[in-house]
Each structure stands twice: as structure tokens, then as C-alpha cells.
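Please read the structure below before turning to the comments.
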Amino acid sequence: MKIGISCHHTYGGSGAVATELGKALAERGHIIHFINRSAPFRLGGFTKNIFYHEVEAMHYPVFECPFYSLALATKIAEVATYEKLDVVHAHYAIPHALSAMLARQMLEDSCSEAKCFKLATTLHGTDITVVGADNSMHGAVRLAINKSDGVTTVSEYLKRETVRLFSPNHEIEVIPNFVDTELFHRQSNSAEIREQLGLDGEKVCIHISNFRPVKRIRDVLKTFYTVVKKIPATLLLVGDGPERSEAEVWARENGIERHVRFLGKIDDIVPLLSVSDLMLMPSSGESFGLAALEAMACGVPVIVTDTGGFPEFISNGRHGYLVELGNVGRMSEKALELLTDTGRWEAFSRNCVEQARNYHVSTLVERYEAFYSSLLEEKR
Ligand code: GMT
């Protein structure tokens with residue numbers, strides 16, 4: 001198949017999923033065209049069967065800001081025509097699904113319904129729960145969903161939220177997120193990595209996110225505060241975003257700055273996960289929580305909130321702990337329990353690796369292939 005993919009290129013789960021999916025599809029012989037504002041952060045160098053088209057929005061003094069969504073629609077229409085795309089897969093409703101829908105309208109005159117690309121949309125999370133829930137965007141997101149030929153969500157939770165908020169006019173398929181366990185596994189050179197990071201024998205907690213309010217960085221720090229008061233430990237904070245400065249101030253004001261490493265945006269997180277003992281992800285609502293699955297693949301147990309999509313792939317007392325939102329006391333208690341009980345940690349770590357294999361990219365990429373085929377079937 002010839003598949004166009006449009007996604008957010010910035011650090012974040014939806015861009016990671018879209019890019020890894022494109023790479024996996026390309027490996028299976030499909031021709032993939034990424035149509036984006038910038039190359040997605042996990043794309044890497046040249047890969048067979050993958051092409052990248054950059055969208056440049058016109059800067060014109062009359063416009064207060066460039067109309068990226070329109071430029072994207074125009075580019076999708078152009079690529080779809082020249083490359084004869086079968087499917088355009090939009091990741092995140094806004095603007096990708098909406099722009100792809102517009103691209104199809106642009107092509108209405110030149111291609112018959114039978115020839116035009118099918119629009120597949122994957123909803124990832126805040127496109128529904130935050131952006132879509134906002135009155136200013138609700139109608140646009142609903143249109144994007146209803147005008148797609150097929151819609152998937154990354155969890156049952158997100159499907160329920162989508163149905164609740166939008167009552168879509170067609171079925172939604174759940175295709176959960178995935179991980180490439182050949183890439184995401186615990187590296188054996190942990191001593192070397194620990195040395196590079198200046199770690200001694202202490203326990204290592206990790207949090208990876210885009211530091212937005214939904215991630216509740218303050219809960220990460222508060223949980224870690226109790227941990228480090230009891231046992232030697234370091235907290236690795238990976239990523240960047242609006243809440244980072246405040247988090248740095250909090251760590252200093254509470255005297256734990258020596259134990260907290262703000263590492264910023266890092267592309268290859270496997271070495272960091274390979275020296276980690278515990279991931280903390282106390283989000284207020286995660287449609288899936290890809291970072292937790294990637295941590296599990298590297299044998300890192302997780303402490304997460306019992307909200308959103310987490311309970312769909314994380315079992316309490318098996319892969320880590322599911323704790324009620326905001327209960328930092330319980331999170332610290334469970335973190336200490338796990339970090340100080342080697343036998344339990346090892347069992348959890350093994351369970352995590354095993355569970356991650358159930359979400360292997362090869363299985364889920366087949367689900368996407370079947371999904372595209374079903375859309376293409378419809379037009380025959
Ligand atoms: O919706 C977002 O916050 C953006 C998106 C992203 O690009 O990081 O994250 C969502 O998509 C990921 C991939 O499907 C999921 O793993 C995240 O749970 C989800 N984020 C939220 O629901 C907050």
C-alpha cells in the first residue's frame with residue numbers, strides 16, 4: 001500500500017507512535033510518505049520505503065500567523081495525487097484529520113471516489129479529552145471524526161470518551177499502542193551508563209514526559225522526596241515543557257536538587273531506562289501512557305494512577321502499582337516497598353518485560369494493515 005502519514009513532529013507519544021508505525025509498515029514493504037511541518041523526532045536517517053515531505057506555511061503580512069492547517073491540506077492533496085496514495089493516516093484529530101479531509105475535498109474534481117485516498121484517523125488522547133472537549137474546538141474535532149473513513153483510538157478508555165463527547169456516526173476500533181521490544185530492552189552495559197550519569201549504588205527513579213499539567217510533575221517530586229529521605233536515590237527527569245521551571249524551583253526549595261537530574265529532551269531513552277528501577281507516572285488522565293509501556297519493555301516497573309488507559313495494560317501488584325490520583329503518600333509507600341524488596345522487584349521486572357511482548361509492534365502493525373485493507377475494501 002501507499003500510505004501518507006501526518007503527525008505532530010514534536011516530542012510526544014502520538015508522534016512516536018505514528019513514526020514507529022510508519023517505520024514498521026515500510027519494513028513490511030509498504031511505501032510511506034510522512035507529510036509534516038518538520039521531520040518527526042524518531043524518524044532518523046534515510047530508511048528504505050520512507051519519504052518525507054515538509055509542509056511550509058506561507059508567511060504573509062496580512063495573516064497574523066501562517067495557516068499551517070491549510071498548507072498541510074494542500075501538501076497532502078499534492079502528495080496524494082503524485083504518489084497515488086491509497087490511505088492517508090492522520091494521527092491526532094487537529095489539524096491532521098481535518099487537513100486530510102480538506103485535501104480530499106480539494107481533489108474531488110480530479111479524482112473519482114473510487115480513486116481517492118481513504119482517510120484513517122487515530123485519536124491519541126488530548127485531541128479528545130482536552131482540545132475536543134473545549135467548546136472552541138468541539139465542532140472541528142467532531143467533523144474530523146465523522147468525515148474520516150475509519151477511526152481508531154489507542155485505548156478502550158479513549159473510545160468511551162470519544163463516544164461520550166462526540167457520539168460519532170461510525171464504529172471506532174481500538175488498536176492499542178505498541179513497542180518494539182528489539183529496541184526497547186534492558187541494555188547490559190548498565191555499569192557504563194551509570195558511570196556516565198555519575199550514579200553510585202543508589203536506586204534510580206525516572207519520569208519521562210512533556211512536562212504539561214496533566215503529567216503532575218509536582219506529584220513525581222513529592223513522591224520522590226519521601227523516597228530519597230529514606231533510601232539513597234536519584235530521580236531522572238527526561239523531557240521538557242511548561243512545568244519544568246517550577247519543578248526545578250520546587251526541587252531546590254525542598255532541598256533535593258542534588259538528587260534530581262533534569263536531563264531535558266533526549267531521543268534515545270533506552271540507556272536511561274536500562275539503569276532505572278522505577279518509573280513514576282502520576283498523570284491525571286493518560287489515554288494510554290506509551291512511556292510506561294516502553295519502560296516496562298526495559299524491565300522497569302511502574303507506579304501510575306488508576307485512571308485513563310493505564311489499567312488496560314498495567315496490573316496492580318504485577319507490573320507495579322495503580323494508585324488513586326494525587327495520593328502521593330501511597331505512591332511513596334509503594335515506591336519504597338518495591339525499591340527495597342529485591343525479590344519482588346525482580347518478579348515485577350520480569351512480568352513487565354513479558355507484558356510488553358504482548359504489545360509488540362509486529363502484532364499491532366498487522367492490526368493497522370487489516371484496518372487499512374477494510375477501508376480500501378469499502379471503496380470497491
Ligand atoms: O494527547 C496528548 O497529550 C498528546 C499525545 C502526545 O503526542 O504525546 O499523547 C497522547 O498520545 C500518546 C500516544 O498514543 C498516549 O500514550 C498518551 O497517553 C496520550 N496523552 C494523554 O492522553 C495525556
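The values are calculated or read from the model by the stated rules, or taken from the named source; none is laboratory data. Here the structure is a predicted model, which is why all the values come from computation and not from measurement. Positions of Cβ are backbone-derived with ideal geometry, glycine not excepted, and every protein chain shown enters the neighbour counts. Accessible surface is based on the protein model in full, side chains and every heavy atom, while ligands, DNA and RNA are left aside. Shrake-Rupley method; radii C 1.70, N 1.55, O 1.52, S 1.80 Å.
Could you grab me the full set of residues in the stretch 1-17 that are out of contact with any Lys or Arg (no Cβ under 6 Å at 6 or more places or on another chain) and within 9 Å of the ligand (Cβ to nearest atom)? Matches in the stretch 1-17: Cys7, His8, Thr10, Gly12, Gly13, Ser14, Gly15, Val17.
The set of residues from the stretch 271-282 being open to solvent by less than 10 Å² (accessible area, probe 1.4 Å) and more than 16 Å from the ligand (Cβ to nearest atom) comprises Ser274, Val275, Ser276, Leu278.
Of all residues in the stretch 19-37, those satisfying the criterion of being of a type outside the set (D, E, K, R) and open to solvent by 40 Å² or more (accessible area, probe 1.4 Å) are Gly29, Ile31.
Yes/no per residue for (1) within 13 Å of the ligand (Cβ to nearest atom); (2) open to solvent by 10 Å² or more (accessible area, probe 1.4 Å); (3) touching a residue at least 24 places away in the same chain (Cβ under 8 Å):
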| residue | (1), (2), (3) |
| --- | --- |
| Asn254 | no, yes, yes |
| Ile266 | no, yes, yes |
| Ser284 | yes, yes, yes |
| Ile303 | no, no, yes |
| Gly308 | yes, yes, yes |
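Can you say whether Arg42 is within 15 Å of the ligand (Cβ to nearest atom), over 24 Å from Gly132 (Cβ atoms) and not assigned by TED's automatic domain parsing to the domain that holds Glu294, as far as the supplied structure shows? Yes.
In the stretch 214-231 there is no residue matching the filter, namely being more than 16 Å from the ligand (Cβ to nearest atom), on the phi > 0 side of the Ramachandran plot and either open to solvent by less than 50 Å² (accessible area, probe 1.4 Å) or not hydrophobic (A, V, I, L, M, F, W, C) (or both). The set of residues from the stretch 23-42 being under 14 Å from the mean Cα position of the chain (by Cα) and closer than 21 Å to Lys2 by Cβ comprises just one member, Pro40. Got at least one residue in the stretch 71-87 being closer than 23 Å to Ser136 by Cβ, assigned by TED's automatic domain parsing to the domain that holds Thr126 and in contact (Cβ under 8 Å) with a residue 40 or more places away in the chain? For the stretch 71-87, residues closer than 23 Å to Ser136 by Cβ, assigned by TED's automatic domain parsing to the domain that holds Thr126 and in contact (Cβ under 8 Å) with a residue 40 or more places away in the chain: present. Of the candidates Ala120, Ala73, the single residue that is buried (at least 17 other Cβ atoms within 10 Å of the Cβ) and away from the ligand (no atom under 16 Å from the Cβ) is Ala73.
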